[in-house]
Amino acid sequence: MSETVILPTGRAQHSRGNGFIVPLLVVPFVLYNLVVFLFFGGNPVNWGAGLFSIPMPSGMPWAITAGDFLLVVGILLLFFEVLKSTNTARSSIIEHMLSMVVFVAFLVEFLLVGAASSSVFFLLMVMSLIDVVAGFTVSITSASRDVSMN
């Protein structure tokens with residue numbers, strides 16, 4: 001009995017699209033600043049203002065605040081950021097560096113600007129930190145799989 005094994009002649013290249021995408025968490029950063037300065041007059045307390053409510057089967061309404069809505073947007077964008085971090089293209093290093101810049105911008109604004117002293121902004125900043133840590137962790141893990149010891 002003999003078996004035939006066919007080995008590929010070259011290393012298969014995975015084309016994942018090398019398009020550059022800016023860090024998505026810049027969207028809630030900009031939205032927060034636009035809303036807090038243009039509509040709330042620099043007062044972060046207004047993030048607790050209700051946007052709308054949804055009647056639940058229990059009979060109680062579920063009230064959605066502006067802060068809740070922005071946090072949900074941030075969580076969804078964080079999910080896509082983690083998916084983006086699995087890309088091993090050369091542009092991913094630049095994307096990780098820009099994600100770090102977004103986190104530093106969050107941190108500096110949180111510490112120095114009064115309008116950013118809210119739990120909504122703090123949680124968005126934590127999402128940005130998770131994006132940075134997850135991005136570098138996923139990149140390092142996937143890079144270590146590409147290295148083979150013979």
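A few notes on this one:
- Selection over the stretch 38-58 of residues that are under 15 Å from residue 119 (Cα atoms) and of a type in the set (A, V, I, L, M, F, W, C) gives a count of 3.
- Residue in the stretch 28-35 that is touching a residue at least 40 places away in the same chain (Cβ under 8 Å), surrounded by 14 or more Cβ atoms within 10 Å (Cβ to Cβ) and hydroxyl-bearing (Ser, Thr, Tyr) present: yes
- The stretch 54-94 - residue that is under 18 Å from the mean Cα position of the chain (by Cα) and in contact (Cβ under 8 Å) with a residue 60 or more places away in the chain and, of those, nearest to residue 140 (Cα to Cα): 88
- Scanning the stretch 118-142 for residues that are more than 17 Å from residue 28 (Cβ to Cβ) and of a type in the set (A, V, I, L, M) yields 133, 138, 140.
- Every pair of residues 6+ apart whose Cβ atoms lie under 7 Å, when the first sits in the stretch 120-136 and is buried (at least 21 other Cβ atoms within 10 Å of the Cβ) while the second is among the polar types (S, T, N, Q): 131/99; 132/99; 135/85; 135/99
Bear in mind these aren't lab numbers, they're just calculated from the coordinates by the rules spelled out. Worth saying up front: this structure is predicted, and the values here are computed from it rather than measured. Glycine also receives a Cβ, built like all others from the backbone with ideal geometry; neighbour counts cover every protein chain displayed.
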